[in-house]
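Take a look at the structure below.
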Amino acid sequence: AGNFLQNHDGSTAGYRAFASTGTKVVFNGTGAQTVSFEHPNAGYSRFHDVDFLSSGTVTFTTDAAFNGDVTVASGSTVTHSSNGADWDVNGDLSVSGGTLTTKGECDVAGAVSVSNNGAFNAISDYPAFRGTVAIGSGGQMNAARAYFYSQLPEVDGGTYLVTTTDVHGDTDLDHDLTLSSLQDLEVHSAAYLEIGGNTLVVGRNLVSTVTD
């Protein structure tokens, strides 16, 4: 299995040494692989669509930007080498049977799906979800806190183990949601939560910050 390294020759053009505009990159090695960028940014060097299909662990040693969709398939393990390595996903994120462990910010603009006994573990920093989040079919999400900007998570056959669900944008609840006795819900002062005709059960603390 080979590694991925983006670097440049010092010129301004070198910042875009790897700037995929639609090509899908597939990691399908049988051994350990590493990924690193010298200039990770959605406008500079970045991935578009990426499939992780490898049986070995893929480790990111730097930040990474994805202008398309990311899939972590069954049997794949994707992680970061140290705290503070961020992911910026401008498409959808699917963890279907694999394991994704982030150790920096993970900002996802599109839909998030965790299913087929897959696991999304956020360590040392908090993920931000700007689209829908669905956890089903044995999927599991683990985090100390997660920011939601449009929809609260839909849990159907999976496990949602986020200690603090943080409503950080104008967010809707279009399904029932139950948070356990170990889970809090916080509504940020600049946001609102619309429940409609659905049922929201908060097992521990409900905090809503109001400012004049």
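Counting just the residues of the stretch 178-188 that are hydrophobic (A, V, I, L, M, F, W, C) and farther than 16 Å from Tyr149 by Cα, which one comes out least open to solvent (accessible area, probe 1.4 Å)? Steps first, answer last, please.
Initial filter on the stretch 178-188 (hydrophobic (A, V, I, L, M, F, W, C)): 179, 182, 185, 187.
Narrowing further to those that are farther than 16 Å from Tyr149 by Cα: 179, 182.
On the way: Leu179: 4, Leu182: 121 Å².
My answer is Leu179.
Please verify whether the stretch 144-160 includes one or more residues that are more than 20 Å from Ser113 (Cβ to Cβ) and of a type outside the set (Lys, Arg). Checking the stretch 144-160: at least one residue is more than 20 Å from Ser113 (Cβ to Cβ) and of a type outside the set (Lys, Arg). Of the candidates Val95, Val114, the single residue that is modelled with pLDDT of 95 or more, farther than 21 Å from Val25 by Cβ and in contact with a Phe, Trp or Tyr (Cβ under 6 Å, 6 or more places away or on another chain) is Val114. Residues that are among the hydrophobic types (A, V, I, L, M, F, W, C) and in contact (Cβ under 8 Å) with a residue 24 or more places away in the chain within the stretch 141-161 comprise Met141, Ala146, Leu152, listed in sequence order. Beta carbons closer than 8 Å, at least 6 apart along the sequence or on distinct chains, pair a first residue in the stretch 183-194 that is in a strand (DSSP E or B) with a second that is open to solvent by less than 20 Å² (accessible area, probe 1.4 Å) and polar (S, T, N, Q) for Asp184/Thr164; Asp184/Thr165; Leu185/Thr164; Leu185/Thr165; Glu186/Thr164; Glu186/Thr165; Leu193/Thr171; Glu194/Thr171. Candidates in the stretch 14-39 are the residues that are open to solvent by less than 40 Å² (accessible area, probe 1.4 Å) and under 21 Å from Thr57 (Cα atoms); of these, the one that is modelled with the lowest pLDDT is Phe37. Taking Phe37, is it among the aromatic types (Phe, Trp, Tyr) and either within 15 Å of the chain's Cα centre (by Cα) or under 16 Å from Ala122 (Cα atoms) (or both)? No: the conditions fail for Phe37. For the stretch 163-177, the candidate set comprises residues that are farther than 17 Å from Tyr126 by Cβ and part of a strand (DSSP E or B); within that set, the residue that is least open to solvent (accessible area, probe 1.4 Å) is Leu177.
The values are calculated or read from the model by the stated rules, or taken from the named source; none is laboratory data. Please read these numbers as outputs of a predicted model, since none were measured by experiment. No Cβ is skipped: glycine too gets one built from the backbone with ideal geometry, and neighbour counts run over all protein chains shown. Note: accessible area is taken over every heavy atom of the protein model, side chains too, but ligands, DNA and RNA are not part of it. Shrake-Rupley method; radii C 1.70, N 1.55, O 1.52, S 1.80 Å.
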